[in-house]
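Taken together, the values in this text are just the output of simple stated rules run on the coordinates, not laboratory data. All of these numbers come straight from a predicted model, not from anything done at the bench. We place every Cβ from the backbone using ideal geometry, glycine too, and count neighbours over all the protein chains shown.
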Amino acid sequence: AAQQRPDTPAWHNAQQLALHGLTAAEGWSVLEGGVRFRRVGGDGSGPAPTLRDTVAVNYTGRFADGEIFDSNAGGPPATFPLSQLIRAWQIAIPYMGKGDRAEIAVPMELGYGLRGAGPIPGGATLLFTIELVDFTVPPAA
């Protein structure tokens, strides 16, 4: 099949189908804003970060067609202040305990919107596999 172009109605329809095709029967939950979440490792019982924390994660980001657009596989965990990541990560990661792995599906509004960023076209549904390796709590002010 030919690769669909991001500026076509068929491509935009595929983005919505990728998101809305994830069902509770397959273990997906719907979080705030329509973020889809499925724990695939761990049980959620470990300590969990909050928005003010810095998270260390291993992750792979894919487009709805499965193409990988970003990953830190094979490298050290990526460390980010959670408050500076896309809104979908800010919503989903606090549902994870330290050591958990989860899959999340990001509606465009909670990812990179209509403008996109770098290799990510505007309007894209994004799929991430995230492992929460660790997090640090900032010192009290």
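Just give me the residues in the stretch 80-102 being in a strand (DSSP E or B) and surrounded by 20 or more Cβ atoms within 10 Å (Cβ to Cβ), in sequence order.
Listed by number, the list holds a single entry, ALA102.
Within the stretch 14-29, can you find the residues that are in a loop (DSSP other than H, G, I, E, B) and farther than 23 Å from GLY44 by Cα? Scanning the stretch 14-29 gives a single hit, GLY21. In this structure, TYR112 does not satisfy being buried (at least 16 other Cβ atoms within 10 Å of the Cβ), touching a residue at least 24 places away in the same chain (Cβ under 8 Å), part of a strand (DSSP E or B) and of a type outside the set (Lys, Arg).
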